[in-house]
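Reviewing the structure listed below.
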Amino acid sequence: ENVGREALENEDYVLAVRNFEQILEIDSKNSIIKNLLGETLIGQRRYKKALLLFFELFEDYPNNIGYICRLGFCNEKLGDLNKAEKLYIKAYEIEENDKESVKWLINLYWNQKKYYKAEKFLKEDIYRDGILDFSDFQSFTKLLETYIMMDEVGDLLKVINDMKKIIPNDVESRYNVAWEFARMGAILQDADRYNYAEVFYKYSKSI
């Protein structure tokens, strides 16, 4: 298992597969190894075989959102986008506070250029409990990226103003937020989106 994990981390997928499959020959029900093998197969882009593994894991652990999302991703890569969307939403409904499913779902919408659908979902996620707090930070960030793709400067500034309200006063949190916005500014600068980069740099500096 240690050799397999190290190989997976080093993207030596052939060695990782060999070791994980050897373990499953001895312990065919080992869900941890099945998951690792599934992730390795995804790394190899062997989505059909990975899908079978994650479907088995989903049947055994129907409320595990990690397995559900990876099953959705395999369906997405194999072209069944509707099934992928349903699986991501299912994972979200099981655990709304875990943002892993949000990441998968929004990436699906972005890849299809369904920016308005992404915007609608993220707003519902942010405001569903009627309270703006730091737990909404990741969804706010995804919403900012969505508005950049939509080229909606006005909405972008509104979201930034809302985000200012949820940043904790402790130094570490503010530093992490400032770093994240500086990082986004650098990405935008590299993409020649200077008007957006300037907004993010100024916000980072103000924090």
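The table that follows gives values for the structure above.
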item	result
Accessible area of the chain belonging to carbon and sulfur atoms, whole % at 1.4 Å probe	49 percent
Glu25-Ser135 FRET efficiency (beta carbon distance; Förster radius 45 Å; 0.05 resolution)	0.55
Probe 1.4 Å, accessible area per residue of region 7-114, Å²	54 Å²
Value of Rg/Rh across the chain [Cα atoms, Kirkwood radius]	1.04
Theoretical ellipticity at 222 nm over the chain - DSSP helices of four or more residues, -39500 (n - 2.57) apiece, nearest 500	-24500 deg cm²/dmol
10 Å binning of all Cα-Cα separations within region 95-154, expressed as whole percents from 0 upward	23, 58, 19, 0
Distance from region 42-94 to region 167-191 (C-alpha centre basis), Å	32 Å
Rounded tilt (10° steps) of 194-206 against the dominant C-alpha axis of the chain	80 degrees
Above-threshold pairs, the threshold being 19 Å between Cα atoms, out of Lys48/Lys77; Lys164/Lys202; Lys120/Lys158; Lys103/Lys164; Lys99/Lys205	Lys103/Lys164; Lys99/Lys205
Length released on extending from Asp190 to Glu96, taking residue separation times 0.36 nm less the Cα-Cα span	30.4 nm
Average Cα contact separation per residue, the chain, under 8 Å, 6 or more apart, as relative contact order %	9 percent
Shape of region 1-85, Cα gyration tensor, a/c cut at 1.5	oblate
Calculated over region 90-207: convex hull of Cα atoms, volume per residue (Å³)	105 Å³
Accessible-area ranking of Glu9, Glu85, Glu198, largest first, probe 1.4 Å	Glu9, Glu198, Glu85
Accessible-area order (highest first, 1.4 angstrom probe) of the listed residues Asp155, Asp125	Asp155, Asp125
Estimated D of region 46-118 in µm² per second, where Rh is the Kirkwood radius over Cα pairs and Stokes-Einstein applies at 4 °C, 1.567 mPa s	108 µm²/s
Solvent-accessible heavy-atom area per residue, rounded to whole Å², over region 151-207 at 1.4 Å	62 Å²
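The values are calculated or read from the model by the stated rules, or taken from the named source; none is laboratory data. Since we're looking at a predicted model, the values are computed, not measured. All Cβ positions, glycine included, derive from the backbone under ideal geometry; neighbour counts span all protein chains shown. We work out accessible area using only protein heavy atoms, side chains counted, and drop any ligands, DNA or RNA first. Shrake-Rupley method; radii C 1.70, N 1.55, O 1.52, S 1.80 Å.
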